[in-house]
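To keep things clear, I will list the structure first and then write my remarks on it.
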Amino acid sequence: AKAGSPQPDPHPLPQRMTLPRQILVIERGWLSSNNILLSSRDGHTLVDAGYVTHAPQTLALVEHALHGGRVDHLVNTHCHSDHMGGNYSVQTKWQCRTSIPAGEAPLIERWDEDELLLAFADQQADRFRIDDTYAATTKLFELAHLNPPTHRLLLEAGPLMQKLSDEIDQSCHLTVYNAGRQVVIAKVDSPSGMGFSVRIGAELDVLVSASGQVLLAFQSPETRRLRLDESIQRRPNHAAGGIERTLDSVRACGFASIASVQVRGLFAVSFPILDSQGHALGALTVPYAERIDQRKRKPIPAVQKTLGATARTLTERIGGISAAAKATPGRAHAARG
């Protein structure tokens, strides 16, 4: 690069996550709560109603988003003036049921403007009706354990991996990191019945593989350092200078595409499956095997493009943030940095 020219960010920000169509965020101004409109077969729920002085605009924005529908339920995350100030106006327009946190219900019932911090902050709000209250329970904890990340990942991955394999006529597999190694949790064999594949449950090395580099590259600096140390402790002979530069390059490009250092004639292409923080939850990999008897098979650049699109779709389906690949198709990253 020329002196003074801008250098590429080794840790680019991931793209904005796309929300399901049943969730609409109405972004408001600085120091004002946003409004969230949730739609389902049971009706429409509005989360927070904004300032009382913004009530006319809130009603107009929500009415436009409803496309002729109505607010059936109003929920306050808490009862500061920028969250509950417009409650009365929303209740009056749609006669909706209103729920607030149980701990704040006595304050609303007494309507003590000092306790509600209205007088202290020189804020206003119209008194409103409480229909019911809610409190945090262990339900969210239970739901989290009923749907752990790897369970959701496997549930969504199967059909996408099968479609990928059919399109490129290559096998593919999905790995996750575990204590200095990566474990294969899903795989689809080549539809032609001939090619390279790994078995489910196989433990693969991290530092010398495309998938391992992806699992390290797309992490916070602290997690990357911890996993590097674990991987080197497990395989000291795989430690090499320049590994950090290699991981920065993989992250900047969005994927790893390297000639295998373990199987002669094999070329590995791997993309991250990212969580909601942009960290790699898994790696989706195609071990590209040449067929000397077939000249019309998809070349590596085409496989990279198709695999990248599949990885981004899988990331979005598990609620992750997709990072678009920035690499030029066909560019390889040396396994040893």
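Between Val25 and Arg70, with labels modelled 7 Å along Cα→Cβ, what's the label distance in nm to one decimal, could you check?
In this crude label model, Val25 to Arg70 measures out at 3.0 nm.
With only Lys, Arg, Asp and Glu charged, each at its Cβ (+1 for the first two, -1 for the last two), find how big the charge dipole of region 150-197 is about the Cα centre; round to the nearest 20 debye. Working shown, then result.
Numbers: 4 positive and 5 negative charges, 57 e Å.
With only Lys, Arg, Asp and Glu charged at Cβ, the dipole is about 280 debye.
For Asn34, enumerate residues with amide H under 5 Å from its amide H, sequence gap 5+ or separate chain, H modeled in the peptide plane.
Distant-sequence amide H within range of Asn34: Arg28.
Can you pull out the trypsin sites (Lys or Arg not before Pro) in region 197-258 that DSSP calls coil and that have at most 15 other Cβ atoms within 10 Å? Before the final figure, lay out the partial values.
Values: sites: Arg199, Arg224, Arg225, Arg227, Arg234, Arg245, Arg251; in loops: Arg199.
Those satisfying the criteria are Arg199.
Would you mind working out the accessible area per residue for region 24-135, using a 1.4 Å probe, and quoting it in Å²?
Values: 6100 Å² over 112 residues.
Value returned for region 24-135: 54 Å² of accessible area per residue.
P(r) for region 193-292: what percent of alpha-carbon pairs falls in each 5 Å bin, starting at zero?
Taking all Cα pairs of region 193-292, the binned fractions are 2, 13, 23, 25, 19, 11, 4, 2, 0 percent.
Which loop trypsin sites (Lys or Arg not before Pro) in region 45-111, with loop taken from DSSP, have no more than 15 other Cβ atoms within 10 angstrom of their Cβ? Could you put the intermediate results ahead of the total?
Details: sites: Arg70, Lys93, Arg97, Arg110; in loops: Arg70.
Answer in residue order: Arg70.
Hey, if we sort Lys305, Lys187 by accessible area with the 1.4 Å probe, largest down, what's the order? Before the final figure, lay out the partial values.
Numbers: Lys305 155, Lys187 65 Å².
Accessible-area ranking of Lys305, Lys187, largest first: Lys305, Lys187.
The values are calculated or read from the model by the stated rules, or taken from the named source; none is laboratory data. Note that this is a predicted model, so its numbers are computed, not measured. When we count neighbours, we look across all protein chains shown, and the Cβ atoms used for this are built from the backbone with ideal geometry, even at glycine. When the accessible area is computed, the model is the full protein with side chains, heavy atoms only, and any ligands, DNA or RNA have been set aside. Shrake-Rupley method; radii C 1.70, N 1.55, O 1.52, S 1.80 Å.
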